[in-house]
Amino acid sequence: MKRASRWLMILILVLVAAPLSAMAQGPDSASPDAVTYTSGFQLQNLTGSLATVAIVFYNQDGSIANTVNDTIAGNTNKTYYPLSAVSSGFDGSVVVSSDQQLAAITNVLGNDGQRGASYGGFSDGATTVNLPLVMKAYFGIDTWFNVQNTGSASATVNIAYKPGTCTESVSVAPGAAKTLKQADNTCLPIGFVGAATITSAQPVAAAVMQVNAQSLLAYKGFTTASTNPVMPLVSSNYYKSGTGISIQNTGASATTVTISYKPSAGFPGAACTETKSIPAGQSANYSYPQLPAGCGTSGSGVTDTTNGGFVGSAAVTANSANMPLVAMVNSVTRDTANAAAYEAFDSNSATSKVAFPLIMDRNYNIFTGISVANVGASATNVTCTFTGTSYTASATNLQPGAALTDVQLNKIASGYVGAGTCTASGGDAKIAGIVTELTNSAASTTDALLAYDGFNY
C-alpha cells in the first residue's frame, strides 16, 4: 500500500444498518436468521502530539460517501458512534489517514445491540490474506467476510477454500470493500468448516463475521504468518467458558503442531499440551469442547467438576515442518449467547508496548478485561496505565508464556471510557495482549461479549 511520507493510513470495514441474512441450514441449525448491523470505531493516538485525521467513507462500488476531518489530542482516544457522517444503510469501508501514529478498532452490533463483535483496524494490506475459520451451515453457524482493496488500482480478488476445490472471485475498487457470504456459495457443501486463502495483485485486507441464531463473532484476516503463534487468553469451564483455537497451515507441506497451555497466576488450571497434524493449506481445531485431560483443576469459578477449569495463555511450541501458521480463537460462555473471537499473535513481531484503544468500566453496564502475555524468552515486568485515571495494573517477574489478566469492573469509575497502554521492562520485554468487552447482567439471550487484539508499537 502506498503512503505519503508523513501520513499513516488505517483501514476499517464498517456497516451501518445493513441487512445480511444467514439463510443456510445444516445439522442442528436454527431457523434462518436475518441480522441488521451497525458499527462504530475508536481511534487511539499513540503519540503525545495532536493528530490531524482524515476519515474517508467508501461505498462498495468505490465511490466516496463522505470525508470527515478531525483532530485527536495526544495520548487520548476518540469514539465515532453513531456514524453520523453517512446515511442509514451505508455498507462499506473506511480509510483513516493521520500525521501521527494511531490504532483503531471497530465494534459491530447486530439487531439493535442484541449481539456484538469487535476487530482491529489494519495499518496495511497484503497480496495474500489467510482466514483460518470459515463455515457454511456448520451446526447453525455461517460466516461472511468483507475484503477491502488497500491498493491504488482496481483488483480482481480470488478466494480458495480448503479442504476441497471451491473458488470464487470478485472485483474491488481501491479503498472499497466487497461482501462474500459463504451461505450463498453453491460450491461449498452444507456443513462446510475449513479455511480460505485470498489472493490479489493489489494488497487487500479482510474481516470475517461468524453468525448463528443468537451470537456474532469477528476476526480480521492474516496478512502475515508465524511458525509459533501465541494466544494470550484461553479459558475452559471458568464461569461456563469455553475456547476453540483454529490453526491454519499456510505452508506447502503438512506439519504436526503442538500447543502448550499455561495457567495465569491466581486462576485455575495446570500446564498441559495438545498435538495435531495439519495438512498444507488446511486448518485444525484445538481445545474445544474441552481442553486436554489434565489441563483443568478445581477452584473458585470452576463450573465443571469433572473436567476442571482453566484460565491462562497458549502458544505453539512445536511445529514439525516449520510451516507458517495463522490462528484465531473463539471464546463462548455455555448456556448463553455470549461469544467473541480474536487473532493469535506472531511472537517474533511483539514489542515492549501494547495499546488498547477502548477500555471501559460500567459504561452503560459495559466493562473490559485485558490479558497481556509475556511472549519473550525471559521474565519481564508489565505495567498497564489507562487514560484519565491513576488506576494501574501490573505484574512483576512475569514468566515466559504467562499472562497478566486484569478486569476493570469496579476498579476505575462508573461510566469510564478511555484507552490503555501496557509496557514491559526487563528481560527481552516482548508482550502481546487482548481486550474483552462484556455487558454486566445482560440477558442470557443477548450476545454481550466482544474481543479485540491489542496493538504492538
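Do you know the relative contact order of the range 229-329, to the nearest whole percent, from alpha carbon pairs under 8 angstrom that are 6+ apart? Write down the numbers at each step before the final one.
Details: 276 pairs, mean separation 45.2, N = 101.
Dividing the mean separation by the residue count of the range 229-329 yields 45 percent.
Rg and Dmax over the alpha-carbon atoms of the range 350-456 stand at 14.0, 45 Å. The ranking of 384, 272 by Cβ neighbour count inside 10 Å, starting from the fewest, reads 272, 384.
May I ask you to derive the relative contact order of the chain, considering only C-alpha pairs under 8 Å and at least 6 residues apart, and to give it as an integer percent? Over the chain, the number comes to 15 percent.
With neighbour counts taken as other beta-carbon atoms within 10 Å, the residues 119, 219 rank, fewest first, as 119, 219. When the listed pairs 353/430; 240/411; 136/181; 136/162 are checked against a 18 Å cut-off, the alpha-carbon distance exceeds it for 240/411. Here each label is just a point 7 Å from Cα along the line to Cβ, and for residue 277 and residue 318 those points are 1.4 nm apart. Using the empirical formula 2.2 N^0.38 Å as the baseline, the Cα radius of gyration of the range 229-329 reaches a ratio of 1.08. The H on the amide N of residue 454, modeled in the peptide plane, is under 5 Å from the matching H of 433, 434, 435, each at least 5 residues off or on a different chain. Across the range 234-245, coupling constants 3J(HN,Hα) worked out from phi with the 6.51/-1.76/1.60 Karplus curve, θ = phi - 60°, read 9, 9, 8, 6, 9, 6, 6, 6, x, 10, x, 10 Hz, and Gly and Pro carry x.
Arrange 334, 115, 362 by Cβ neighbour counts within 10 Å, fewest through most, would you? Before the final figure, lay out the partial values.
Values: 334 13, 115 27, 362 17.
Ascending Cβ contact count within 10 Å gives the list 334, 362, 115.
For every other residue with a beta carbon closer than 12 angstrom to the beta carbon of residue 161, add +1 if it is Lys or Arg and -1 if Asp or Glu, then tell me the sum. Spelling it out: positives minus negatives among the neighbours equals +1.
When a/c is below 1.5 the answer is rounded, else prolate if a/b is larger than b/c, else oblate, so apply that to the range 84-149 with a ≥ b ≥ c taken from the square roots of the Cα gyration tensor eigenvalues. Working shown, then result.
On the way: a/c = 2.09, a/b = 1.27, b/c = 1.64.
Here the range 84-149 falls in the oblate category.
Across the range 446-456, rounded Karplus estimates of 3J(HN,Hα) from the backbone phi angles (6.51 cos²θ - 1.76 cosθ + 1.60, θ = phi - 60°) give 9, 7, 9, 10, 10, 8, 8, 7, x, 10, 6 Hz, Gly and Pro being marked x.
Residues of the range 165-179 falling in the label zone of residue 156, defined by backbone nitrogen less than 12 Å from a point 7 Å along Cα to beta-carbon, are 169-172. Computed from Cα atoms alone, the Kirkwood hydrodynamic radius reported for the range 8-220 is 17.5 Å.
Working note: Karplus 6.51/-1.76/1.60 with θ = phi - 60° gives the range 38-46 the couplings 9, 9, x, 9, 10, 10, 10, 7, 8 Hz, where Gly and Pro are set to x. Extents of the chain, taken as max minus min of Cα coordinates on every principal axis and listed largest first, are 56, 51, 44 Å.
Calculated from the alpha-carbon coordinates, the range 202-281 shows an Rg and a Dmax of 15.6, 47 Å respectively.
Values quoted throughout were computed directly from the atomic coordinates according to the rules given, and no laboratory measurement underlies them. The structure presented is a predicted model; accordingly, all values stated were derived computationally and were not measured. Note that each Cβ is placed from the backbone with ideal geometry, even for glycine, and that neighbours are counted across all protein chains shown.
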